[in-house]
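Here's the structure, in structure tokens; my notes come after.
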Amino acid sequence: MSNLSERNYQIFLEQLRKQFLCCYPVQCIQWKSFPKNLNWDQQNMLIDCTYKCQLNREMPIKLQYQLNFLKKLIAYLEQDCSEIHDSIYESFCEMQQKIVSQPSEKFAHKHYILNEKVHFSLKESKSFVADGTTGLCSWQAALALTDYFLHHKAILWNRQILELGSGAGLCGLIIYRLCQPKHLLLTDGSLPCVKLIEENIKRNFPHLEEIIDNKWLMNDHILECCLLDWKAINCVKEIKTLLPDILLAADVVYDSSVFDDLLHAIDYVFNLKQNKVKMFLAATVRNQATLNGFLNKLGNFRFQIDYAEVIPLEESFLYWDRSTPVRILIITR
């Protein structure tokens, strides 16, 4: 029998539930620090708070992730426990059958649990690239940027904010609710992404008042989304109306072919407010040379660059894969 106290086991289960529901990579879960010799009831509680939890039943996360999680869980328990709860084996078999019967499922969900009362559920693509865009799923840099602002809410409070490349809307939806900007405009160059943002807004804010199409109001705080081609940013009336003083972007500098269009958009926004703008750009450093190329182009436009802290794992509200480093740039001029 595990010698873990009931309170400590509940804390462990809550952490594991958060990791499972946001599809935290199975290889990143600290299996070696799992409690030892879980008894029958503890194993049942474990499967109830992950695979069988209500959120996963109502809005399932990616099926292949669930299968991988259960496979790893069983492998761990078989090494450490004298017997394994039937419910865990049954869940694994059930998941195998689901994968066979639902092979063409295009979307799944991820759930980001912040505390007992606050969580966000996002519909996302199961594939990294879908409908010609990478924006239909959330990436590490968006999670790192969101986590940064959850620790520094005052930066965004009552500000006019524009996000470029909003993707599925992860960062935007969380900061809209918890950081209380005055006006937040989420944008993307992909129409499927904009439609997905709209769907995720309605899912997470069911009582939000829609003033006009794709524009909502909650306690005098405006949330908006629209299609944005960076090359044609000067034609988008929503941005001229917004006059942003904060600019956000995450995982938009992985492809050097878009740098000129991105710099054009950034330059335009800074000029709108006579450079009284601060930009926060989070980048996953997959290729340092590519990032350096972007930094050089920023210098050509006379931008200054500082770096914000990436919140360490032990202090984070969110979980993401840290095997590839993330940098958060603070850009001013």
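The values are calculated or read from the model by the stated rules, or taken from the named source; none is laboratory data. All values derive from a computational prediction rather than experimental measurement. Positions of Cβ are generated from backbone atoms using ideal geometry, with glycine treated the same way; all protein chains shown enter the neighbour counts. For accessibility, only protein heavy atoms count, side chains too; no ligands or nucleic acids. Shrake-Rupley method; radii C 1.70, N 1.55, O 1.52, S 1.80 Å.
Checking the cross-link filter: which aspartates and glutamates have an alpha carbon closer than 17 Å to that of LYS62, excluding same-chain neighbours under 8 positions apart?
Straight-distance partners of LYS62: GLU94, GLU105, GLU124, ASP321.
Want the number for SER256 to LEU114: 0.36 nm per residue separation, take away the alpha-carbon distance, what's left?
Value of the extension gain: 47.7 nm.
When the Karplus curve 6.51 cos²θ - 1.76 cosθ + 1.60 is applied with θ = phi - 60°, which whole-Hz ³J(HN,Hα) does each residue of segment 210-227 get, with x for Gly and Pro?
8, 6, 9, 4, 6, 9, 10, 9, 9, 6, 6, 9, 9, 10, 8, 9, 7, 6
Which Cα, out of ILE197, ALA144, ILE155, lies furthest along the positive dipole direction of the chain (beta carbon charges, K/R +1, D/E -1)?
ILE155
Mind checking segment 133-226 for trypsin sites (Lys or Arg not before Pro) that DSSP puts in a loop (not H, G, I, E or B) and that have at most 16 other Cβ atoms within 10 Å?
Answer in residue order: LYS182.
If you line up the Cα atoms of segment 6-104 on their principal axes, what length do they span on each, largest first, in Å?
40, 25, 24
Considering the dipole of the chain built from charges on the beta carbon (Lys and Arg +1, Asp and Glu -1) around the Cα centre, which of PHE301, LEU329, ASN8 is farthest to its positive end?
So the residue we want is PHE301.
Ignoring ligands, DNA and RNA, what percent of the accessible area of segment 6-104 is carbon or sulfur (1.4 Å)?
Here carbon and sulfur together make up 47 percent of the probe-accessible area.
What does the helix-only formula give at 222 nm for the chain: each DSSP H stretch with n ≥ 4 adding -39500 (n - 2.57), the total divided by the residues, and the result rounded to the nearest 500 deg cm²/dmol?
That comes out to -12500 deg cm²/dmol.
State to the nearest 20 debye the size of the charge dipole of the chain about its Cα centre, where the only charges are +1 on K and R beta carbons and -1 on D and E beta carbons.
Around 680 debye, computed over the chain.
So what is Rg over Rh here for segment 183-266, counting just Cα atoms and using Kirkwood for Rh?
0.98
For the chain, what's the relative contact order in percent, using C-alpha pairs closer than 8 Å and at least 6 residues apart?
With pairs under 8 Å counted, the relative contact order is 15 percent.
Please work out the FRET efficiency for the pair ARG302 and ALA232, using the Cβ-Cβ distance as r and a Förster radius of 30 Å; give the result to the nearest 0.05.
The computed FRET efficiency comes out at 0.80.
Just how far, in whole angstrom, is segment 228-266 from segment 57-79 if you go by their alpha carbon centroids?
A separation of 39 Å, based on Cα centres.
Using a Förster distance of 25 Å, how high is the FRET efficiency between GLU309 and ALA289, based on the Cβ-Cβ distance and rounded to 0.05?
0.55
Mind jotting down the three principal axis lengths of the chain based on Cα atoms? Whole angstrom, largest first.
Extents along the principal axes: 68, 41, 37 Å.
Put +1 on the Cβ of every Lys and Arg and -1 on every Asp and Glu Cβ in the chain; which of LEU243, LEU184, CYS49 then has its Cα farthest towards the positive end of the dipole?
The residue sitting most towards the positive pole is LEU243.
Starting from the Cα of THR324, step 7 Å along the direction of its Cβ; do the same at ALA75; then give the gap between the two resulting points in nm.
My value for the distance between the label points is 2.3 nm.
Label points 7 Å out from Cα along the Cβ direction at ASN219 and LYS32: separation in nm?
4.4
Taking 0.36 nm per residue of separation and subtracting the Cα-Cα distance, what length does fully extending THR332 through HIS151 add?
Gain on extension, THR332 to HIS151, equals 63.1 nm.
Counting only the backbone N, which residues of segment 315-333 are under 20 Å from the spot 7 Å out from the Cα of GLN64 toward its beta-carbon?
320-324
Would segment 231-333 count as rounded, prolate or oblate if I go by the C-alpha gyration tensor, calling it rounded below 1.5 in a/c and otherwise prolate when a/b exceeds b/c, oblate otherwise?
prolate
Amide H to amide H under 5 Å from ALA282: which residues, 5+ apart in sequence or cross-chain, H placed 1.01 Å off N in plane?
Close amide H contacts, sequence-distant or interchain: ALA249, ALA250, ASP251, LEU329.
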